[in-house]
Amino acid sequence: MEDEDGLYYDLPLLDKVKDLLDKEKILYELKLEEEKQVALFYRGKYEQALEVKSDGFLVNKEGRGEDEAEIESSFSPEVSLVESILNLNDFSNLKVLNLSHQSLSNQQCSQIIDKIIEYMPQLTSLDLSHNELTDDLSDEMVKFRSLPFLGSLNLESNYFLGRDCLKSKS
């Protein structure tokens, strides 16, 4: 078929091309919808990670990077902070952990240290300030040497009497 400009058009071929383009458009729309579903799934997972309620205490990353967490004092009196932390298993990429102002005893901190060593190998910063820790914890603190990335350990405002708690006893 020829138009007024003298150009030749093969209508059946053009129909096939149009058909193929329509099918390709549908495939792209399906793929886009599938990608949206995957994105929504991971967004939901990310939002769950922002605020995880586990056995009565809150791990709150609000306003922080996705590799930071702060344990707040909003746990239930029936479940201890130590029990709550001991139930955490999926924090292998956690980099910053703030456990300040939790009234942690040496015994509780000892259990938490074991949990950190086992499940948080990427930890770079740990805040244990403003608790009830004493020099008796020094043998446990030496375990932090096994965390290769730990560069910041805040022990401010505890009950240490000046002994370097990260030195092993000779």
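No value in this document is a laboratory result; all are computed from the given coordinates. Keep in mind that what you see is a predicted model, and the values were worked out from it rather than measured. Backbone-built Cβ (ideal geometry, glycine too); neighbour counts: all protein chains shown.
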For residue 133, other-chain or 5+-apart residues with amide H closer than 5 Å (H placed, Pro excluded) are 159
Any idea how far apart residue 40 and residue 25 come out in nm if each label point goes 7 Å out from Cα toward Cβ? 2.4 nm
Most to least packed among 20-28, 153-161 [average Cβ atoms within 10 Å]: 153-161, 20-28
